[in-house]
1. Does at least one position in segment 129-137 carry a residue that is surrounded by 13 or more Cβ atoms within 10 Å (Cβ to Cβ), among the hydrophobic types (A, V, I, L, M, F, W, C) and closer than 30 Å to Val22 by Cβ?
2. Have a look at His277, His262 and point out the one that is under 30 Å from Thr86 (Cα atoms), at pLDDT below 95 and either part of a helix (DSSP H, G or I) or under 27 Å from the mean Cα position of the chain (by Cα) (or both).
3. So which residues in segment 1-60 are crowded, with 21+ Cβ neighbours inside 10 Å, touching a residue at least 40 places away in the same chain (Cβ under 8 Å) and of a type in the set (Gly, Ala, Ser)?
4. Filter segment 441-453 for residues that are crowded, with 23+ Cβ neighbours inside 10 Å and either near the ligand (Cβ under 7 Å from one of its atoms) or modelled with pLDDT of 95 or more (or both) and give the result.
5. Do you know which residues across segment 132-167 are among the aliphatic types (A, V, I, L, M) and in contact with a Ser or Thr (Cβ under 7 Å, 6 or more places away or on another chain)?
6. Checking the structure you have, find out if any residue of segment 307-322 is more than 23 Å from Glu129 (Cβ to Cβ) and either surrounded by 15 or more Cβ atoms within 10 Å (Cβ to Cβ) or aliphatic (A, V, I, L, M) (or both).
7. Select from segment 456-473 the residues that are farther than 16 Å from His325 by Cα and not β-branched (Val, Ile, Thr) and list them in ascending order.
8. Which one is surrounded by the most Cβ atoms within 10 Å (Cβ to Cβ), of the residues in segment 267-283 that are near the ligand (Cβ under 8 Å from one of its atoms) and among the β-branched types (Val, Ile, Thr)?
Amino acid sequence: WQKLAPKKASDPPVVFHWLPVVGSAIWYGNDPINFFQSCQEKYGNVFTFILLGRKVTVALSAKGNNFILGGKSTAFNAEGAYTHLTTPIFGKDVVYDVPNEVFMQQKKFVKFGLSPENFRAYVGMVEDEVEEYLNKDPGFRTYQQNDINEWGSFDALAAMAEITILTASRTLQGKEVRENLDKSFSELYADLDGGFTPLNFLFANLPLPSYRKRDRAQKKMSDFYVDIITKRKQNPDGDHQHDIIASLQDQTYRSGESLRDHEIAHIMIALLMAGQHTSSATLAWTTLHLASRPDIADALYNEQVAHFGNPDGSLRPMSYEDLRHLPILDSCVRETLRVHPPIHSIMRQVREDVVVPTTLAAPSKDGVYIVPKDTYVLASPLISQIDPRVWKDGDKWEPLRWNDVDGVAAQALKSYTDENGEKIDYGFGAVSKGTDSPYQPFGAGKHRCIGEQFAYLQVGTIIATLIRRMELKLTTPTLILLPKDPKTVHYRRRKFD
Ligand code: HEM
């Protein structure tokens, strides 16, 4: 780790800590909400903490998000914050291992594949995968017995992790990945995923078994995708037109060059990693909340019946167009992403000294704060997304706050008064757009997520498919919002045709 520079008068306040190198890593790692909110109370919106030998300056609130995510990319750099963690996992020549201008082209290539045409094909595939999972997985035996009076149970986190990888591979990743899921692929995925730990954050390479496992898995996974690409080139008439590999094979850089096979392979690994924990956590939290709120689960089921009900009582399959007109379903996902954004911290490396605006943090007696070069900054949409100044009952999961219930936008965010008494207006529905929004589960600015529409499609279709087929409940009556909360959901099969 870097030797920390001595404190200067212009430095933001430093969070008190006992252990020199570890700093506040344990508090931050175990309970980021409590850590950020306690520090905000004590130091204000801008403060620095020590994270495993690094100086990290946090900027909270919508203005803090704007300061970091809307800042110049020459000052706040993503590659410098992430590459030592991600390059050994994704592989060379993609994402943060290339100049940003090249990655931006790669992002555009992927976006090209995330098209409405492909999305239309995906909805049915996702529905089929969930149905097949419920009908086959040993964890859903009670469901398979087809008894509408019998309650069964499942572990929300484990089931959603499986459903996520099954549906992502069937759609984005392609047939060959889906076919190999039961075999070697899942193991390689697990070994690669094991490369995302605090130790990996600290050291890119160490002579330890977990690092060797990660590197071996990266090589094998990369070879696996390159092999798929080679075989597809030999047999160009195969039926792969809707997956992202096929789409990437058609793209060319501005230089006129096509993507090389290993670049396609490594982009596919990056997409797999980007979408797995994020979507599966969103699914697990939504399921848990629905199980604890029968009123919302009923509203969701009734929305399905109203929209898809046939005269004989059966429900017709969903289409991509339908999904975009289901406000309760949309609100449930939107609300989960507000209260439980899967990415709670977004980091950048600081490449030049940056002055903190006085509207974000009032100057100290020594003048304005300056975030020094060669340190890190961190934005946390998690905190602005539950900020009580912005959101009524901000820490409660209340999906209907997003809906215009009975012609009145119940508790929806339209405007708020910030800490300086300034009134900020947000048009209804426009809340997730700019870098200064308090609602940013998909980030903002140059590095904003390109997977948002796919995530809504995937999570929405899965939740709807489950709610059509089963009632849900928790045995503990209320759900307290902590990461180690109950994971077991009880379900009872509905009569479903
Ligand atoms: C970037 C969240 C799903 C691909 C991001 C960022 C966030 C985010 C917060 C910004 C990171 C930063 O600024 O450092 C989420 C959430 C998801 C989700 C909450 C699901 C609920 C996906 C999926 C894909 C994907 C399914 C791929 C299909 C990406 C990519 C970036 C990104 C390529 C760009 C990174 C960059 O430009 O540096 N995502 N994501 N994400 N995400 Fe997602």
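The values are calculated or read from the model by the stated rules, or taken from the named source; none is laboratory data. All of these numbers come straight from a predicted model, not from anything done at the bench. Here Cβ is always computed from backbone atoms with ideal geometry, including for glycine, and neighbour counts include all displayed protein chains.
1. no
2. Going through His277, His262 in turn, the sole match is His277.
3. Selection gives Ala25, Ala59.
4. Pro441
5. The answer is Ala156, Met160, Ala161.
6. no
7. Leu466, Arg468, Arg469, Met470, Glu471, Leu472, Lys473
8. That would be Thr282.
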